[in-house]
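Here is the structure we will look at, set down as structure tokens.
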Number of protein chains: 2
Amino acid sequence: MQLDSFDLKILDILQRDGRITNARLALDVGLSESACFNRVRRLEQQKILQRYGAQIDRKALGSFVTVLVSVILESHKQHELARFEQVVSGLPEVVECNYVAGQFDYLLKVVARDMTDYMRVMDELMEAFGKVNQYSSYIVMRKTKEQEMAASYLVDKTRRSAA
Amino acid sequence: MQLDSFDLKILDILQRDGRITNARLALDVGLSESACFNRVRRLEQQKILQRYGAQIDRKALGSFVTVLVSVILESHKQHELARFEQVVSGLPEVVECNYVAGQFDYLLKVVARDMTDYMRVMDELMEAFGKVNQYSSYIVMRKTKEQEMAASYLVDKTRRSAA
DNA sequence: GTTGAAAGTAATCCCTG
DNA sequence: CAGGGATTACTTTCAAC
């Protein structure tokens, strides 16, 4: 499952345009249509291409606040971590949750209608989980960047380290 | 540009499967193919459907660390914020940057090959920008959730607030 | 890897109700 | 909005190089 530069170029292009036609993709990567098609299918079968999705403009749907939340739990027993993650997985407003090493345990990203709604979400979390020692809220004023790294760049980095 | 329940259902489905055929989408939302097709095109033209993309399995490309970084700048003048954001936009390893209100100014998400590489990225940031008062690193041990909210849920929330 | 052809499927547009 | 029908475009497979 070694990826060559054609594979990486395919991944880069599909990452940016998941609906490009095979014919156009083949042209852009410099392969014949059949060769390109076979590679895409292989990448899908290997689950390297995991899924295709549309990105929706949230602003078109209304006004929302995004809040980053650092969380410290009372207990760090494996069982309590699992329970916290379980509760979080059931809250649709929590769109991201990372277990981190550092001065706190989790960092969440919460999307809510407004600050009142945000407090309701956190109340729900406290109600359902309970054993939170402390949490701090950081309201996102402006998202200045959101851009996945290109596959080809990621692999370049790996090669550098192997060298 | 008012969205009805058909539009929301279309957005929800396309968010999860950006490559569904129009025929299948029409079936799932309960519209004729032509009606469904026209709505999708309208949503694209209105930029509510912003882009289609493929999600790639980063683990298939090698081993990486994700680090969340809180940053406090020395100065909060508009010009300095803009310069910081400019520098960040040029660092491919910084995959996300949020300007926040709270105990610090920015929260970054950095993807690097390993901790040595991470330090290199931060060195580059310090070199290029300089006026950082303090930053703290939080290594992501485990991403426990990453799931955008469905369009229909977002809109339900808005209606609740309007009521 | 390539090309080219063939068959199936989907997108796109138009027109009628 | 639905539905049919026509056209064009794309996908997918396959054989031969």
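Does residue A:152 meet the test of being at the interface with chain B (Cβ under 7 Å from one of its Cβ atoms) and polar (S, T, N, Q)?
It is false that residue A:152 is at the interface with chain B (Cβ under 7 Å from one of its Cβ atoms) and polar (S, T, N, Q).
For the list (1) over 19 Å from residue B:107 (Cβ atoms); (2) assigned to a loop (DSSP other than H, G, I, E, B), I need the number of the one condition that residue A:104 fails.
Against the list (1) over 19 Å from residue B:107 (Cβ atoms); (2) assigned to a loop (DSSP other than H, G, I, E, B), residue A:104 comes up short only on (1).
I want to confirm something. Restricting to the range A:12-67 and keeping residues that are of a type in the set (Lys, Arg) and away from DNA strand C (no atom under 15 Å from the Cβ), which single residue is nearest to the chain's Cα centre (by Cα)?
Per the criteria, the residue is A:51.
Of the residues in the range A:89-101, how many are surrounded by fewer than 21 Cβ atoms within 10 Å (Cβ to Cβ), in contact (Cβ under 8 Å) with a residue 24 or more places away in the chain and not in a loop (DSSP other than H, G, I, E, B)?
Result for the range A:89-101: 0.
Somewhere in the range B:106-120, is a residue among the aromatic types (Phe, Trp, Tyr) and either touching a Lys or Arg at 6+ places or on another chain (Cβ under 8 Å) or open to solvent by 50 Å² or more (accessible area, probe 1.4 Å) (or both)?
No, because not a single residue in the range B:106-120 is among the aromatic types (Phe, Trp, Tyr) and either touching a Lys or Arg at 6+ places or on another chain (Cβ under 8 Å) or open to solvent by 50 Å² or more (accessible area, probe 1.4 Å) (or both).
In the range A:11-26, what residues are over 20 Å from residue B:61 (Cβ atoms) and out of contact with any strand residue (DSSP E or B) (no Cβ under 8 Å at 6 or more places or on another chain)? Reasoning before the result, please.
Filtering the range A:11-26 for residues over 20 Å from residue B:61 (Cβ atoms) gives A:19-24, A:26.
Result: A:20, A:21, A:22, A:23, A:24, A:26.
What's the number of the only condition in (1) in a loop (DSSP other than H, G, I, E, B); (2) assigned by TED's automatic domain parsing to the domain that holds residue A:70; (3) aliphatic (A, V, I, L, M); (4) over 18 Å from residue B:147 (Cβ atoms) that residue A:149 fails to meet?
Of the numbered conditions (1) in a loop (DSSP other than H, G, I, E, B); (2) assigned by TED's automatic domain parsing to the domain that holds residue A:70; (3) aliphatic (A, V, I, L, M); (4) over 18 Å from residue B:147 (Cβ atoms), the odd one out for residue A:149 is (2).
Kindly establish whether residue B:56 is touching a helix residue (DSSP H, G or I) at 6+ places or on another chain (Cβ under 6 Å) and within 13 Å of another protein chain (Cβ to nearest Cβ).
When the stated conditions are applied, residue B:56 passes them.
Out of all the residues in the range A:36-79, which are over 30 Å from residue B:43 (Cβ atoms) and either buried (at least 16 other Cβ atoms within 10 Å of the Cβ) or hydrophobic (A, V, I, L, M, F, W, C) (or both)?
A:39, A:69, A:70, A:71, A:72, A:73
Here is a list of conditions, (1) in contact with a strand residue (DSSP E or B) (Cβ under 9 Å, 6 or more places away or on another chain); (2) in contact (Cβ under 8 Å) with a residue 12 or more places away in the chain; (3) open to solvent by less than 60 Å² (accessible area, probe 1.4 Å); (4) away from DNA strand C (no atom under 12 Å from the Cβ), and residue B:3 meets all of them except one; can you say which number that is?
In the conditions (1) in contact with a strand residue (DSSP E or B) (Cβ under 9 Å, 6 or more places away or on another chain); (2) in contact (Cβ under 8 Å) with a residue 12 or more places away in the chain; (3) open to solvent by less than 60 Å² (accessible area, probe 1.4 Å); (4) away from DNA strand C (no atom under 12 Å from the Cβ), residue B:3 misses (1) alone.
The values are calculated or read from the model by the stated rules, or taken from the named source; none is laboratory data. Quick caveat: nothing in here was measured; it's all calculated off a predicted structure. All Cβ positions, even for glycine, are placed from backbone atoms using ideal geometry, and neighbour counts span all protein chains on display. Side chains are part of the model used for accessible areas, which takes the heavy atoms of the whole protein and leaves out ligands, DNA and RNA. Shrake-Rupley method; radii C 1.70, N 1.55, O 1.52, S 1.80 Å.
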